[in-house]
Structure formats: C-alpha cells, structure tokens
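Read the figures in this text as sums done on the coordinates, not as results from a lab. Source: prediction; values computed, not measured. Note that we place each Cβ from the backbone using ideal geometry, even for glycine, and neighbour counts take in every protein chain shown.
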C-alpha cells in the first residue's frame, strides 16, 4: 500500500529480524535504523541545531503537549511552522500528548472526548482531544504526526488494559479524520500492556487503518527488561513489513541494539542529554561516569574510537573538571558526544544489515554496551583494613576515593557517599548559608550586645555539619569581631557520632573539644570564644523540636532519606517546623531535590529555591520563611518558578503519601496559589 513516506525495505539480516529501510519525508530522505534526539520544547537540551545536524540527526522529536501550552499553535501558524522557528532543516516528529495523559494521573480528568488538563503556566483548563492534538501537530508543521493514544502502565491488569485499548483505537480513527488532506504522515500506536492477545488485537485493528507507520507504545513504563524485549519482538512481527516501526521512549544503546534485532526501525529517548547532565557518557570502552576521581589527571580523549568534536578536542581530565564543577559546558560537550555515539551506532548497524553481517556486530556490541568503564573498573569499596568497624546500626565506610563516612547497616544509606563529609558540609550548608558573612560584625559593633545567630542542625549524624559551622566561626573570629553563634543539634541515635569519634584518624574533623563535650555532657561551650556554644537535644526531632530553647535562623536539614526517616519528610513535619520558626527570617538547607519534598515545603508555608549540586545530585533545596523571603539577602537564591509546576504535575509523588485523597484538591490549590508563583500579588 502506498504511503506518504514511500517506504522501501532495503535489506533484512540473516538469522535476525533486523532490517534496513529508506523513506522520504517532506524534508529529507531517512535511512533506518535511526535514533531521534528528543527536543521537548523545540530544543534538545544544551545542544545547537547545527550540532545535531553535524552529528547526523535525521529526525528530531518534539513534544506536542508542551508546545501546545507554550508558545502555542498560533505562534507556529504565524511563523510558518517549527522548521523555520527553530532553524531546523530536516525532519520533525511530533508526539501526540498521550504520554502526558499517562504521566499526569492526578492532574487530568479522562473521558471518551479526551483528557482535561490544567495548564501549568496559567491554570487554564485545556481539553486534549484527538482533534486538538492533531490540529496542534498540523500547526507545528512536523513531518510525522502521532495519533493520540491512551497509554497506561505496562503492568496494568487486563481489564484496565482492554478498556484503554478501546479508547486508543477510537482515538486513532478520530486522529486520522482530523488529519484530513494534510501532506504530513501519521503513525498509529499499538497498545495492550503486557498482554499478547491485546497486542495482537491492537496491531490488527490499526493495520486496517491508513497509517503511514506504526509505533510500539506502552513499554518502558514499568515492566522489566526481558518483558519489554519479549513484547517488543511479539508486537513488531505483527506489524506490516512495508511501513516503519517505531519503539517509543527506548532507551540505552543496548536496548536499541536488542530492539533492532527484533525488527524495530526507529527510536527516541532523552538519555543522551539527560545522562550527560549527570556527567555520564556512552563509549566504546563502556559507560563512563566523569565524576570519578580516576579521570582527574587523564589526558586521554573520552572515547578512543570516536571522531566527534568533543573527543577530538577535549581530555577526560577537562570533562571531569567540568562535571565536578557543574559547568554547563560539561553537559553540552558530553551531550554532543552521546548523540554522536547513538547516531554512529545506528550507522554501523545499518551498514552491517546491508552487508548481512548484523549478527557479528550484534555480538561485538553486546560485549561492551552493558559494561561500565572497561579500563578503570568500578569497585564499590576500597577498604584500608580488613577489620570492619561497627557500633550498633552503623559501620565505617571507606569510599573508593579513599575518604571515610558512616553507613547505616539496616538501610544501607551512607552519610556523604560521594563527597568527603566536611567538603559536602561546607559546600552545601556553610557556603550556601553565607555563614562566614552572617557571623561577622562591623568593627564598631559590640559582640556582647549582638543577637546570637541560631543554627538548628537537624540530623547530627557524625557531626560534619555542626563541626563545619564551628570551624567556620573560629576562623572568622581570628580576623575580627563576631556575633554569638548557638548550634542546636537534634539526633535520636548517637552511635554514628560515637563510632566516628572512636576512629578520628578517619574523621579528623572530630579531633576537637566540641564532639567530646557533646558525647560526654550533651552540651559544649567554647573556652576560646565566649559566644560559641553547642547543645544536643537527643530523641525524635518532631518530639524534641518543641523544647528547643530558641527558634532557628538557619536550619541544616540532613536526616536520612524518606525511605529510612519517612516521618521527618512529611507535610506535617514541615508544618511543625514552619511554626517552630516563629515568624523569624529562617532559611532551611537540605540535600534533597525531591519534587514531593519541595511540594510539602511549599504547602507548609515556605518559599522554595534551588540549591547547588551535592555529590551526584544536580540540585539541592533551600526553603525560606516569608520573613526570610522579604529580606534583601534572599535575592541571591533562585526561587522555583512557575515552570517547576510542570515537573510537579508529572511527578508520581505529586501528593504527600500521608495525605488523604479527599484533600488532594485543596493541596493542589495551595501549591498553585502559593505567592511564590504569583509575584504580582
């Protein structure tokens, strides 16, 4: 059957379902197998369009849902479509918004007509129907449009999967009708979760419709790797041989290799740039994490067999430095390499299919695509001694970089797992809070009459944060007058500090009179600096908070994660903490960047800002009371903007776990109505 794409099957590998094909879009000839970088909002993050073109990108994927909201279809109509808008000469595939329907379960209402959303930009109600989706895609002007589908979790039960399948098929017919005589191509999306009979029904139903290609949808949304591969292979063989087959949202280079082997032609995924932002790269020597100290002095190029601009010019040492300092250039350079790596893999796969040597290439690539750095194997731990030091529920952990930290045995959580304790404490708590500047006084000020600065150290642990504050204060006191500093630490189990203190050779910052005083008496007063004191309040934080002698100015919130200390990260906990601030200009600093925790902080009354990176976390979190937000010093913080609400909308943990469902609506109103997102009020 002729299609708008003039699809031609060029070759199929012996002993495999892998195939090479050619088709023609409105803008260029396309050769498969191919990978499509994801340009969600008409841009691939940190990459220039020219960079993508130079790397060999044939088709770029953009997100209809986001472009519907901003800049909106009218912008594309007036500017002649997305190609001129973003200066992109090759093909564009527009998704339909079906995945957003799946990923925003608490933020939309489903009906046969479509899905009703609230815009994360202005709160307006929007109906995303097949007709709206296709009209938006026509306005965007992509070469390939996707029919609107009803995606559900791949692990859904059969009844739910069958109901969603019926909607998908009816919406597919409506999507085709909405296309009309547009020259743009359109793909249907096969659904059916993990049920083969439903997949068979879906493929049969959609194949009867005049689509120009077909996508395998509903995978990479909850199932295991083997399940995904089995369903992918089963579905692909049900689809017409004379049209393209597209596996949506997958995946790693190895995932793609396996899917090509099973008969798929087209792929998309955010991994190349998302992982680059985290310092990771796919190479011919395995998967590299550039944060590792092993690359600090490495003059080698990133990938010895790669000819991309990053590998041609920059060393691993430089890329390591950019990653450790969270410089955007590191994200850009690693992303450029990863995209080039994906495209080069696809070119090699195609060449092997045409030469009928795919299985040889398949075996060769599988040998390293699943491995970490083959030249510098990662060891989980490099202990200095064979004897393991433990106390109660804690043990001394030696990281492969050589520094010591404390690990909780029952949960496996490590305090400061990727960065030395004092380095992380200084970077995350001392420097971000500008503690050095806060304790300084003008030469004319009297330290005895100055109001003390109060730090609440929530989660004492092995005392790294408290000791970082004490050492900062002592350093400032040697150069001029300082105001009094009172540190109040909260901890329900002192064994972690006791263990670290016993092994102060590994924890040299504890060679100080402060920790000894805290462990012996629960309090410490500096002999050298009359204004410096430290108090311990043992027990559960939510119970001891009320007996703290003074409210805080700064809060270092460093509890174990929600998995281990769930009660300390709830909406109620943050509400109690907000009340305990007693209207003061208090600022909270914490290592988490969890969307759920940020939402709970907002609902409790705090303003929330992005904090600097810590360890492998690209962001941490800062929270401010309203009085702190009004202070002139708050301008140095990057408050979350209304754009953050988009991420919150998509989050699977949008509402606190302890919140009754009948309070979801009021909680959402609180978040959306927060003054932080309405500065004009």
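A prolate overall shape is assigned to the chain, the ratio a/c of its alpha-carbon gyration tensor axes (a ≥ b ≥ c) being 1.5 or greater and a/b exceeding b/c. Take the Cβ atoms of residue 89 and residue 635, set R0 to 41 Å, and the FRET efficiency comes out at 0.45. Restricting attention to the chain, close to 50% of DSSP beta bridges with both partner residues there are antiparallel. Modelled this way, with points 7 Å down the Cα-to-C-beta line, the labels at residue 26 and residue 284 are 4.0 nm from one another.
Distance between the pseudo-spin-label points of residue 370 and residue 575 (7 Å out from Cα toward the beta carbon): 4.9 nm.
Could you order peptides 278-289, 643-654 by the average number of other Cβ atoms within 10 Å of their residues, highest first?
Values: 278-289: 21.0, 643-654: 17.3.
With the highest mean Cβ count within 10 Å placed first, the list reads 278-289, 643-654.
Modelled spin labels at residue 204 and residue 54, positioned 7 Å past Cα toward Cβ, are 5.2 nm from each other. Each of 110, 290 was scored by other Cβ atoms within 10 Å of its Cβ. Listed from fewest to most, they are 110, 290. Here is how the number arises for the chain: DSSP H runs of 4 or more residues each give -39500 (n - 2.57), the sum is divided by the residue count, and the result at 222 nm is -10000 deg cm²/dmol. Between residue 242 and residue 664, the C-beta separation translates, for a Förster distance of 60 Å, into a calculated FRET efficiency of about 0.80. Shape analysis of the stretch 550-681 places it in the rounded category; the axes a ≥ b ≥ c from the Cα gyration tensor give an a/c below 1.5. Among 60-66, 371-377, the peptide with the highest mean count of other Cβ atoms within 10 Å heads the list, and the full ranking is 60-66, 371-377. Potential lengthening of the chain between residue 593 and residue 347 amounts to 84.7 nm, from the contour at 0.36 nm per residue minus the alpha-carbon distance. Eigen-decomposition of the gyration tensor built on the alpha-carbon atoms of the stretch 9-269 gives equivalent ellipsoid semi-axes of 26, 24, 17 angstrom, largest listed first.
Taking 0.36 nm per residue of separation and subtracting the Cα-Cα distance, full extension of the segment from residue 135 to residue 584 would add 156.5 nm.
When the square roots of the Cα gyration tensor eigenvalues are ordered a ≥ b ≥ c, the ratio a/c for the stretch 390-677 is 1.5 or more and a/b does not exceed b/c, which makes its shape oblate.
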